[in-house]
Amino acid sequence: MKSHLTTVSVSVALIAMSGATMAHHSFAMFDQANPIDLAGVVKDWKYTAPHVFIVLEVKEADGATQVWNLEGNTPSALARDGWTAKSLKPGDELILKIDPLRSGAPGGAFNVNKVTFKDGSPIVSSR
């Protein structure tokens, strides 16, 4: 009986924690059905856990500059694709296809396969 109670307690705890884990990895805030193209200049490249970020300065149609915060995958996932903390630097000009924030705020999610330098060259050379 005691063993059964322990098993049930541990199972309930794991199920309760799985909701928090899934919430952390939710992409519900990004509009994946309506990706947009962005071009801009890297202001900052944050290669840190749990997710990497590109802070991108985007020139608007009226000439004003708007700063976009773009979230990527984990550093370990990017490393498998050849990215490093030195893959980008301030001043790099990029073209990206992103999933924008549903809120309309200047931000979104990027995929490493949809990011190139302005001249079309890949961020990471083929291996």
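Just so you know, all these numbers are worked out from the coordinates, no wet-lab data involved. In this text the structure is predicted, and so the values were computed from the model without any measurement. So basically every Cβ, Gly included, is an ideal-geometry build from the backbone, and we count neighbours across all protein chains shown.
The calculated FRET efficiency for the pair Ser26 and Ile95, based on their C-beta separation and a Förster distance of 25 Å, comes to about 0.40. Were the residues from Asp37 through Phe53 laid out at 0.36 nm apart, the gain over their Cα-Cα distance would be 4.1 nm.
Ordering Arg102, Arg80 from the fewest to the most neighbouring beta carbons within 10 Å gives Arg80, Arg102. Multiplying the residue separation of Ala105 and Gln66 by 0.36 nm and subtracting their alpha-carbon distance yields 13.0 nm. Once both labels are positioned 7 Å from their Cα atoms along Cα-to-Cβ, the gap between Asn113 and Ala79 label points is 2.2 nm.
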